[in-house]
Amino acid sequence: MPYSLISLAIVAVFFLLVSCDPVTDRVALDGDGLTPEVRQIVPSEVLDRLVEVGMPIHGGANPPDVTGTFFLSPLILTSSSLLGDTLPLGTVIDGRYFDFKEQSDDLALSASFGTVPSGGRRADRSFIVGRGCRFTVFSEYLNVNAAGHPWSNLTVVSGCLTESGIEDAVFTNVLLEDRDQIFGEGWLPGQGRLFSDGDGVAERQ
């Protein structure tokens, strides 16, 4: 076979292999490595403030399967973007259980967070992105206060999945929307506190 034909055959096989990646073909990503579903709940101003507070965002269309329950403890306050925050950096708070279920091929999943196993409130919408062992889960909560005013918040978890748990686990809980300013004018979308796991790994339960 002539050299040129061999070269064309190699190129054809290469493109065939690349085009057969079902996840890459199915999931669209923006310049930040996020899916359209994530961007529906995380506008640019919120994403910018997450990055400013030090939240790692691991974009990508091939995250690990994080199905399971993980315990983040001790949780240490490492950064805050709240104006006039009186909670000192380094403060240790109660640990949190993160429960992930039903992760699908379109990168949606079911997520809950709480201080007791399987006792947390299930998020209204959750999506995962990532690549290799690293991932980020975005979970939206829709709320209504006692006076009937709606507001929403976002919980974000990042880390590297291993057999024992989530290494370099960090999470933040930030305001998403507060049209009636029930928290006051000083609160802006994307503001919140960043916590890290003090022993370096959120143990799989």
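Every number here is computed from the coordinates shown, using simple stated rules; none is lab data. The structure displayed is predicted, hence computed values, not measured ones. Counting neighbours? That spans all protein chains shown, and the Cβs are built from the backbone with ideal geometry, glycine included.
For ASN143 paired with LEU29, estimate the spin-label separation in nm (one decimal), with each label point 7 Å from Cα along the Cα-to-Cβ line.
3.2 nm
Rg (Å, one decimal) plus Dmax (Å, integer) for the alpha carbons of segment 147-205?
So, for segment 147-205, Rg and Dmax equal 15.4, 45 Å respectively.
For segment 28-204, compute Rg over Rh where Rg is the Cα radius of gyration and Rh is the Kirkwood radius from the inverse mean 1/r over Cα pairs. Let's see the in-between values first.
Details: Rg = 15.4 Å, Rh = 16.3 Å.
Reported Rg/Rh, Kirkwood definition of Rh: 0.94.
Please give me, ordered by residue number, the GluC sites (Glu not before Pro) of segment 112-205 that lie in loop per DSSP and have at most 11 other Cβ atoms within 10 Å.
When the GluC sites (Glu not before Pro) of segment 112-205 are filtered for loop state and at most 11 Cβ neighbours within 10 Å, GLU163, GLU185 remain.
Rounded to whole Hz and in sequence order, give me ³J(HN,Hα) for segment 51-68 from the Karplus expression 6.51 cos²θ - 1.76 cosθ + 1.60, θ = phi - 60°, writing x for Gly and Pro.
Values, residue by residue: 5, 5, 7, x, 6, x, 10, 9, x, x, 9, 10, x, x, 7, 9, 3, x Hz.
Normalised radius of gyration for segment 60-164, please: alpha carbon Rg relative to 2.2 N^0.38 Å, two decimal places. Working shown, then result.
Values: Rg = 15.1 Å, N = 105, 2.2 N^0.38 = 12.9 Å.
For segment 60-164, the normalised Cα radius of gyration is 1.17.
Subtracting the Cα-Cα distance from 0.36 nm times the residue separation, let me have the gained length for CYS133 to VAL116 in nm, one decimal. Could you put the intermediate results ahead of the total?
Numbers: separation 17, 0.36 × 17 = 6.12 nm, distance 2.60 nm.
Here the answer is 3.5 nm.
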